[in-house]
Amino acid sequence: MENGLMESKKAQDWLNLVLAVALFVSPWVLDFASETIPAWNAWIVGILLAALAVAALSAFAEWEEWSSLVLGVWLIVSPWLLQFAANMNAMWTHVVLGVLVAAVSAWALWDNRQNPHAHA
């Protein structure tokens, strides 16, 4: 049972890494790389999320998941706080990926609370 839980936690970290890469490449793929604020927001948050995911893959720490959750929430609200919500590609990319990152991070935190000794 514990091995399956450890694999679940690793899967969550891999999911966040995939989401980080998707966020990082989104300005080019979804054609908003020429818009400085949303592009740089995607690149910076993508790098931070990837670093947290890699750190969590090597040694789980709850603060990494909380940090990822905060970054997910930031992605959700950033189009309005940074005033690029009018760009539908950038806005929806940030909101959708933010919801996914926050959900995966919340899932990892919930798993850790339910099975605190199962992380590797």
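I need the fraction of alpha carbon pairs in the chain separated by more than 18 Å, rounded to a whole percent. It would help to have the intermediate numbers written out before the result.
Working: 3358 of 7140 pairs.
That fraction is 47 percent.
Going by how many other Cβ atoms sit within 10 Å of their own, how do Ser67, Ser78, Ser105 line up, fewest first? If you can, show how the numbers build up before the last one.
Numbers: Ser67 18, Ser78 23, Ser105 29.
With the fewest neighbours first, Ser67, Ser78, Ser105 line up as Ser67, Ser78, Ser105.
Relative to the longest principal axis of the C-alpha atoms of the chain, give the angle of the C-alpha long axis of helix 36-58, reported between 0 and 90° and rounded to the nearest 10°.
Long axis of 36-58 versus the principal axis of the chain: about 10 degrees.
Quick note: the coordinates plus some simple rules give every number you see, no bench work behind them. The model shown is predicted, which means the values in this text are computed figures rather than measured ones. Note that we place each Cβ from the backbone using ideal geometry, even for glycine, and neighbour counts take in every protein chain shown.
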